[in-house]
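Below is one structure, written out as structure tokens, with a few remarks after it.
Just so it is clear, none of the values below were taken in a lab; they were calculated from the coordinates. A quick note: this is a predicted structure, and the numbers were derived from the prediction, not measured. Methodologically, a virtual Cβ is constructed for each residue, glycine included, from the backbone with ideal geometry; neighbour enumeration extends over all protein chains shown.
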Amino acid sequence: MDGKTVNACLTLALEAQGKDIMTIEGLAQNGKLHPLQQAFIDHFAVQCGFCTPGMILSAKALLDKNPHPTEEEVRKGIAGNLCRCTGYTKIVEAILAVGGK
Amino acid sequence: MTLPKFEYLAPTTLAEACALLAKHQEKARVLAGGTDLVPQMKKRAATPQYVIGLKNVSGLDYIEFDKTKGLRIGALATLNAVLDSPVVKSNYPVLAEAIGRMATVQVRNLGTVGGNLCNASPAADSGTPLLVLDARMKVTGPKGERTIPLEAFFKCPGQCTMEPGEILTEIQVPPPPPKSGAVFLKLARTKDGICQEARIALGSVAPTPMRAHKAEEMLKGKKLDSALIEKAALAASQEARPISDIRSSAEYRVEMVKVLTRNGLTQAMERAKAG
């Protein structure tokens with residue numbers, strides 16, 4: 001919301017009025033995946049996919065602010081998004097691959 | 001979980017917000033970030049008929065620092081705004097340290113320091129650093145403005161000492177004392193190795209975030225050696241009044257107050273020497 005990640009479950013619809021809202025659906029442009037989306041595929045960072053939208057948008061918010069984060073900064077940046085499939089290693093690798101470019 | 005039915009009021013000025021709160025009294029709750037109130041409402045722990053959203057009141061999200069006057073945090077400044085503020089990082093690192101350990105990015109983008117304090121949780125993480133920093137709370141209400149020392153602001157779990165109709169507008173923090181060092185939970189001030197003043201705040205071990213005044217008194221004017229630090233840590237653990245709950249037992253918490261106070265005082269001393 002207005003460039004910052006927020007929990008939808010804590011945000012009243014009334015308070016989102018007039019704000020710029022971006023969800024995972026808005027990330028790909030003209031049929032082309034965002035580099036983070038492509039990196040998640042390339043690094044096998046998606047299993048069931050449930051946490052993926054939150055992970056990718058959290059990663060985007062982090063990279064917008066800090067284009068070259070350390071691994072620790074990446075882990076803190078995605079905190080609060082719980083992956084119950086695989087753990088976080090491949091997700092962190094995918095984000096670092098984009099952040100390292 | 002769904003929200004219960006309520007009416008959302010969106011005042012655009014503080015005066016309007018106060019008038020609405022005065023009109024609806026206990027039927028209304030003030031909403032800033034919503035990270036405490038919204039879950040409470042979903043769980044039906046709070047079922048206000050009116051929610052007074054402060055988001056449309058402009059100019060309440062400032063963070064301003066002045067060397068002589070100190071820091072002023074507007075009631076709508078989010079936790080992340082305070083965490084990322086260069087003046088907070090350089091002048092009040094203990095506050096950034098504590099907020100950096102709160103929740104997650106998404107929650108900190110919504111939640112406010114003011115809301116964290118107004119909800120008066122015994123575990124309010126911004127409460128302990130602001131207690132050692134001697135913060136004051138500026139509130140406004142039907143009888144006008146007043147400021148309350150943070151220590152007198154907390155009443156009991158979930159309640160603060162604001163009068164009906166009053167709204168928190170600003171958190172005021174005096175300039176940091178020279179040659180002082182603080183770590184999350186603790187602060188000490190020294191001159192030539194002598195501790196001029198020590199402030200120790202404890203969270204999650206009493207009905208409200210608290211200061212350990214007896215332990216602080218023991219350190220004043222003394223040279224802080226390991227024996228004295230040990231004694232003060234023991235005193236602090238005796239001042240704590242924890243409960244046993246799902247997170248840990250009272251006995252364990254008392255023991256941990258001793259350990260953390262000892263470690264905190266030692267680290268704060270080192271920072272004071274370095275600063």
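Cross-link partners for B:Lys5 among the aspartates and glutamates, with Cα-Cα distance under 20 Å and sequence neighbours closer than 8 places in the same chain left out: A:Glu15, B:Glu26, B:Asp36.
Taking A:Lys90 as the anchor, which aspartates and glutamates have their alpha carbon closer than 18 Å to its alpha carbon, excluding any fewer than eight residues away along the same chain? Within the straight-line cut-off, A:Lys90 pairs with A:Asp42, A:Glu71, A:Glu72, A:Glu73.
Using the Cα coordinates of region B:1-121, the gyration tensor eigenvalues translate into equivalent-ellipsoid semi-axes of 28, 18, 10 Å, sorted from longest to shortest.
Separation of region B:155-187 and region B:202-229, taken as the distance between their Cα centroids, equals 18 angstrom. Close Lys pairs in region B:180-274 (alpha-carbon distance under 19 Å; sequence gap of 8 or more, or different chains): 23.
Simple point charges give the picture: +1 on the Cβ of Lys and Arg, -1 on the Cβ of Asp and Glu, and for region B:63-173 a dipole about the Cα centre of about 60 debye. Treating the Cα atoms of the protein assembly as shown as identical point scatterers in vacuum, please give the log10 of the normalised Debye intensity I(q)/I(0) at q = 0.06, 0.09, 0.12 Å⁻¹, two decimals. Log10 of I(q)/I(0), two decimals: -0.27, -0.60, -1.02.
Here region A:1-60 and region B:1-64 have alpha carbon centers that stand 28 Å from each other. Springs between Cα atoms under 10 Å define the GNM used for chain B, and in it the highest mean-square fluctuation of B:Phe154, B:Phe184, B:Phe65 occurs at B:Phe65.
With N as its number of residues, chain A has a Cα radius of gyration that, divided by 2.2 N^0.38 Å, comes to 1.06.
Three principal axis extents describe the C-alpha atoms of region B:63-173; from largest down they are 36, 31, 23 Å. For region B:108-211, state the average projected area of the convex hull of the C-alpha atoms over all orientations, rounded to one decimal in nm². Computed as one quarter of the Cα hull surface, the answer is 7.2 nm². The charge dipole of the protein assembly as shown, taken about the Cα centre with unit charges on the Cβ atoms of Lys, Arg (+1) and Asp, Glu (-1), comes to about 520 debye, rounded to the nearest 20. Going from the residue with the fewest nearby Cβ atoms within 10 Å to the one with the most, B:Met256, B:Met1 rank B:Met1, B:Met256. Specify the longest stretch of chain B that does not include any exposed loop site, a site being one of the trypsin sites (Lys or Arg not before Pro) with a non-H, G, I, E, B DSSP assignment and at most 11 other Cβ atoms within 10 Å. Counting at most 11 other Cβ atoms within 10 Å as exposed, the longest clean stretch of chain B is B:144-246. Across region B:180-274, the fraction of Cα-Cα pairs farther apart than 19 Å, rounded to a whole number, is 33%. Taking B:Glu239, B:Glu216, B:Glu251 in turn, the Gaussian network model of chain B (Cα-Cα springs below 10 Å) assigns the largest fluctuation to B:Glu251.
From least to most packed, judged by other beta carbons within 10 angstrom and beginning with the fewest, A:Tyr88, B:Tyr62 follow the order B:Tyr62, A:Tyr88. Per q in 0.10 1/Å, what log10 I(q)/I(0) does a Debye calculation on the alpha-carbon atoms of chain B return? Once normalised to I(0) and log-transformed, intensities are -0.53. When only the Cβ of Lys, Arg, Asp and Glu is charged (+1, +1, -1, -1), the dipole of chain B relative to its Cα centre reaches about 240 debye.
Summed over qualifying helices (DSSP H, 4 residues or more, each -39500 (n - 2.57)) and divided by its residue number, the protein assembly as shown shows a 222 nm mean residue ellipticity of -11000 deg cm²/dmol.
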